[in-house]
Amino acid sequence: MEFKEAYKKGTRLKSGQVSEKYSQNRAVYRIKATVNPITHLLTGQAQITYFNNSPDTVRAVTFHTYHDVYKPNSQKSTLLKNAVDPQNHQGVIIYKLLLGQEPINLKDPKQATYQGTNYSVLLKKPLLPKTTQELTIHWNYVIPGEGFVRSGAIDSTSMMVGYWYPEMAVLDDINGWDRIAFDAATEFYHDFSDYEISLTVPDNFTVWASVAPENPKDVFSPMVQQRLEQARKSKKSVQILTAADFKSTSTGTTTWKYEAKGFPDFAFALSDHYLWDASMYQDEHGEFFVHTAYPVKHPQFISVMPTIHTSLDVFHHTFPVYPFPYKHFTIFNGYTSGGMEFPGMANNHAQSAKMVESRSIKGTTDEEMILGLTLHEMAHMYFPFLMGINEKKYAWMDEGFAQFTGTFAKPIFPYTHRNGPSLGSQNIAPMMVPTYQHLSSNTNSYTISSAAYHSLYSLLGKEEFMKALHAFMDEWKNKHPTPYDFMYSFNTASGKDLNWFWKRWYFDWGYPDLGITTVKGNNVVVENKGGRPLAFTILRTFKDGTTSKQEVSPLVWENSSSYTHKMKSSKQPLAKVELILQLGGDVESKDNVWIKP
């Protein structure tokens, strides 16, 4: 009903294009913050100007305090419950809040309400369309250490700091205010705003952020500035900070200043003992200054820089063939497992092939693992950051996209027949069920969604798929597209009614399960038992060991659950027929193989 109302009002169009009635709000953040790396205390003062660009009057404003998830009684996902945090965390402590010049008591229910990780503040004077509201917020919180999720202290003096300021929630035409509580599993939803940041840290620390500092001469030594200029001219990695450059003690503080325009968020990292490498990637889309930061104890992280270059090459020339959104990009070594994306940054673990052996994924190398993680996190700069997706409700839009993008680099994992009965469980809800509402959303977000993208690519073919994808991205970049905007945009750009495809992949209780029913002569009959319109490959093996294969479009499932494939005749006797399903398992894989009796 929420979507129907938006289309009825005309804020969304069934053409998939952006309506003239579409609007989105934004903010300007002017923040001064101090980090004490010894105590992990972050103290901040924010002056926020909130712009109501909508035609509606706003009577309350909502902002997020995401680190409240660490409070003892907060709602936590298993991801955080299983972590170890020795601190009795108090969350975000707000000790001053002004609306304009009027102080607000956050404990007074007549002035404000609190839910999970959100504050909603009632406005004494309603915010009319095309007007602004000023907020002043003073706060502090302790950056979490051991057991942190997505953002926190890697060691005693190295930290990746995200979601660190009170962030204005998104107010859109579908959901109203985004008041979904953060539980450490559900991710994020951001407006596109402007940032003016002053960040004060001890003078023996280096800071990396979503953008380069505005005052490099104040924060970098002449030697570092010289090395940065060298790196700007080098395709190969240049070491900006070496172990010899570390200073064991500070003599004061340094203030790092940043400006970011039209960013969905702002993050930073800091350390007094991280190495720093930089290089320039350049092609027809421009120059991209890329960086890595990592401790001496992780020499494997040196391999990350070439994978950044490889990823940019894939993005620009293979998929999605679209300019990378950030000309300044940094990968910081720190996350305890996997990676986490931020605008212009990623927080990555040093990957290795051994990490996935426990999941029975073999045949890969450390280099492929590093490339897989690097490319995946960098792909998030497109979805959700460029595209402004609501990850809290539709994580499959960006996680599946990133997973699918990885297949255009060197294949990360070889195909193996995987029997996955859990993929057919009632616990796997349709993808359109909001991500935050069900426990098995992770399977939808990655495995099921990447298979759906693959099938859509196979259905349309490379040329038509890319045409539709670019139409969608051109239309909706820096805005807030929903799944319906994605689907309608593809319908319009491709000139095809794909509603049957969308329904079975995203709305129905289907599952991925194909099986060979019979093989007779040159005909192989395949049954779609799970209902998903999957792309698949028929692989034939002959008695002499030679093989042939043919890809089959999901179009064969539009009007039938059974498909008879006529194989090309061969002089060699047939020994075996296999079905290969890319990018995911099959609920019952035994019937994916037929062996001649």
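Details
- Being buried (at least 23 other Cβ atoms within 10 Å of the Cβ) and not in a strand (DSSP E or B) holds for only one residue in 304, 290, and it is 304.
- Scanning the stretch 226-259 for residues that are touching a Ser or Thr at 6+ places or on another chain (Cβ under 9 Å) and either hydroxyl-bearing (Ser, Thr, Tyr) or closer than 22 Å to residue 152 by Cα (or both) yields 234, 237, 253, 254, 255, 256, 257, 258.
- All conditions but one from (1) surrounded by 16 or more Cβ atoms within 10 Å (Cβ to Cβ); (2) outside any loop (DSSP other than H, G, I, E, B); (3) over 26 Å from the mean Cα position of the chain (by Cα); (4) not charged (D, E, K, R) apply to residue 54; the one that does not is (2).
- Answer from 532, 540 - the residue that is within 39 Å of the chain's Cα centre (by Cα), outside the structural domain of residue 454 (by TED's automatic domain parsing) and over 27 Å from residue 446 (Cα atoms): 540
- Filter result for the condition that a residue is outside the structural domain of residue 483 (by TED's automatic domain parsing) and in a strand (DSSP E or B), over 32, 8: 32
Let's see how each residue does on (1) crowded, with 18+ Cβ neighbours inside 10 Å; (2) in a loop (DSSP other than H, G, I, E, B):
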residue: 449; (1), (2): yes, no
residue: 456; (1), (2): yes, no
residue: 464; (1), (2): no, no
residue: 468; (1), (2): yes, no
residue: 481; (1), (2): yes, yes
residue: 485; (1), (2): yes, no
residue: 496; (1), (2): no, yes
residue: 517; (1), (2): no, no
residue: 537; (1), (2): no, no
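- Verdict on residue 193 being surrounded by 19 or more Cβ atoms within 10 Å (Cβ to Cβ), farther than 20 Å from residue 42 by Cα and either touching a Lys or Arg at 6+ places or on another chain (Cβ under 7 Å) or of a type in the set (A, V, I, L, M) (or both): yes
- Within the stretch 232-241, the only residue that satisfies the criterion of being over 17 Å from residue 307 (Cβ atoms) and surrounded by fewer than 12 Cβ atoms within 10 Å (Cβ to Cβ) is 233.
- Residue check for residue 272: closer than 25 Å to residue 150 by Cβ and within 22 Å of the chain's Cα centre (by Cα): no
- Candidate set: the stretch 152-168, residues that are in a loop (DSSP other than H, G, I, E, B) and in contact with a helix residue (DSSP H, G or I) (Cβ under 8 Å, 6 or more places away or on another chain); chosen: the one surrounded by the fewest Cβ atoms within 10 Å (Cβ to Cβ): 163
- Residue 146 meets all of the listed conditions (1) touching a Phe, Trp or Tyr at 6+ places or on another chain (Cβ under 6 Å); (2) assigned to a loop (DSSP other than H, G, I, E, B); (3) not aromatic (Phe, Trp, Tyr) but one, namely (1).
- Filtering 120, 74 for residues that are farther than 25 Å from residue 478 by Cβ, in a loop (DSSP other than H, G, I, E, B) and of a type in the set (S, T, N, Q) leaves a single hit, 74.
- Test: residue 586 is over 32 Å from the mean Cα position of the chain (by Cα), within 29 Å of residue 427 (Cβ to Cβ) and surrounded by 15 or more Cβ atoms within 10 Å (Cβ to Cβ): no
- The stretch 235-276: number of residues that are in a strand (DSSP E or B) and out of contact with any His (no Cβ under 7 Å at 6 or more places or on another chain): 21
Every residue, every condition in (1) under 30 Å from residue 475 (Cα atoms); (2) within 25 Å of the chain's Cα centre (by Cα), yes or no:
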| site | (1), (2) |
| --- | --- |
| 8 | yes, no |
| 15 | yes, no |
| 26 | yes, yes |
| 36 | no, no |
| 39 | no, no |
| 64 | yes, yes |
| 81 | no, yes |
| 90 | no, no |
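- Some residue of the stretch 132-143 being of a type outside the set (D, E, K, R), free of Cβ contacts under 8 Å to residues at least 12 places away in the same chain and not in a strand (DSSP E or B): no
To keep it simple, each residue is scored yes or no on (1) at pLDDT below 95; (2) β-branched (Val, Ile, Thr).
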| position | (1), (2) |
| --- | --- |
| 542 | yes, no |
| 546 | yes, yes |
| 549 | yes, no |
| 559 | no, no |
| 569 | yes, no |
| 572 | yes, no |
| 581 | yes, no |
| 587 | yes, yes |
| 597 | yes, no |
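- If you go through the stretch 231-253 and keep only what is more than 26 Å from residue 34 (Cα to Cα) and under 35 Å from the mean Cα position of the chain (by Cα), you end up with 231, 232, 233, 234, 235, 236, 237, 238, 239.
- Extreme residue, nearest to residue 182 (Cα to Cα), among residues of the stretch 97-130 that are surrounded by 14 or more Cβ atoms within 10 Å (Cβ to Cβ) and of a type in the set (Gly, Ala, Ser): 116
- Looking across the stretch 484-540, the residues that are at positive phi and at pLDDT 95 or above come down to 495, 531.
- Subset of the stretch 1-25 [of a type in the set (Lys, Arg) and either within 16 Å of residue 488 (Cα to Cα) or in contact (Cβ under 8 Å) with a residue 60 or more places away in the chain (or both)]: 4, 8, 9, 12, 14
The values are calculated or read from the model by the stated rules, or taken from the named source; none is laboratory data. As the structure is a computational prediction, the values presented were derived from the model and not from experiment. Methodologically, a virtual Cβ is constructed for each residue, glycine included, from the backbone with ideal geometry; neighbour enumeration extends over all protein chains shown.
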